[in-house]
1. Which of the pairs LYS126/LYS190; LYS32/LYS111; LYS70/LYS172; LYS32/LYS96 have their Cα atoms more than 26 Å apart in this structure?
2. Report the net charge of residues surrounding ASN185, where surrounding means a beta-carbon distance below 14 angstrom and charges are Lys +1, Arg +1, Asp -1, Glu -1.
3. If I model a spin label at LEU118 and LYS32 as a point 7 Å from the Cα along the Cα→Cβ vector, what separation in nanometres do I get?
4. Between rounded, prolate and oblate, where does segment 56-123 land on the alpha carbon gyration tensor, with a ≥ b ≥ c its root eigenvalues, rounded for a/c under 1.5, else prolate if a/b exceeds b/c?
5. Along the Cα→Cβ direction, 7 angstrom out, place labels at GLN171 and ARG22. What is the inter-label distance in nm?
Amino acid sequence: MFIFLLTALLSVGQSVHLIPARDFNSYEGQLKEYYGKVFPLLHTGFSQNPYAWYTSMPSFESEYAFSVEKIDGKYFILSNTLSENYWYTRSRKAVKVIMCKMEIDEELYQKIGELFRLLANQTKEKERKFKEGADGEKYEVIEEGTDGTTYYFALTDEKGEVKVGETWSPQKDSKLARVVEICDNLYSLKTENSLNDINYLINELKE
C-alpha cells in the first residue's frame with residue numbers, strides 16, 4: 001500500500017512548484033490510520049495554526065518535521081524526529097518523539113515566513129500527462145518508483161485557513177531541491193547561512 005502511494009506521487013517530484021496536499025481524511029484503510037496517527041505524533045508541541053511547518057516523510061527512514069513559532073515574544077524553531085519509521089515499526093505505541101528547540105532572531109523568522117508564503121502562492125495542481133493507446137483511447141501516464149521522500153509545507157493564510165503543499169523527491173539542483181535543502185538545515189538547527197540562502201532563493205522563485 002505504501003509503495004502504491006509513492007508511485008502515485010512520483011510525478012509530483014518533477015514539478016517546479018508544490019501541489020496542494022491531498023486531504024488526509026480522504027484516505028482509507030491502513031493509509032488513513034497511518035496519516036491519522038503519524039502527523040499528530042510528529043507535530044507534538046507544534047501550534048495548531050502553523051506559521052511555517054515543514055514535514056519530511058521518507059519511505060524507510062524516520063519521519064521528521066519542524067515548526068517556526070513565536071513564543072512569549074521570542075522566535076524559535078521546534079524540531080521533531082520520530083525514533084523510527086512509523087510505517088514499518090513493529091510497535092507504533094513504542095515510537096517516541098525526539099524534540100529539540102532553538103531560538104532564532106526576528107529577521108530569520110520573517111524570511112522563513114516569506115519563503116513559505118511564496119511557496120503557497122505558487123502552489124498549483126500538477127500537470128497531468130496522457131498517452132494515446134493503440135485503439136485511440138487515452139490514459140494517464142504515471143511514472144513508477146518505490147523509494148523517495150514526500151515533503152509537506154504548511155502555513156496559515158490571512159483567512160485563518162491552513163494551507164498544505166507537497167512535493168515528492170524533487171530533481172537534483174532544482175529550485176524545490178534547494179527549498180528542501182534549506183528546510184533540512186533548519187530542521188537540523190543549522191542556521192548559520194540560512195538567511196542568505198533564503199534571500200537568494202526567494203529572488204529566484206520570484207523570477
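Where a number appears in this text, it was derived from the coordinates with a stated rule and is not lab data. Keep in mind that this is a model prediction, so the values were computed, not measured. Heads up, the Cβs are rebuilt from the backbone with ideal geometry, glycines too, and the neighbour counts pull from every protein chain shown.
1. On the way: LYS126/LYS190 32 Å; LYS32/LYS111 34 Å; LYS70/LYS172 33 Å; LYS32/LYS96 20 Å.
Those over the limit are LYS126/LYS190; LYS32/LYS111; LYS70/LYS172.
2. Numbers: positive: LYS111, ARG178, LYS190; negative: GLU181, ASP184, GLU192, ASP197.
Spelling it out: positives minus negatives among the neighbours equals -1.
3. Calculated label separation equals 4.0 nm.
4. Values: a/c = 3.92, a/b = 1.69, b/c = 2.32.
Oblate, because a/c is 1.5 or more while a/b does not exceed b/c.
5. 2.4
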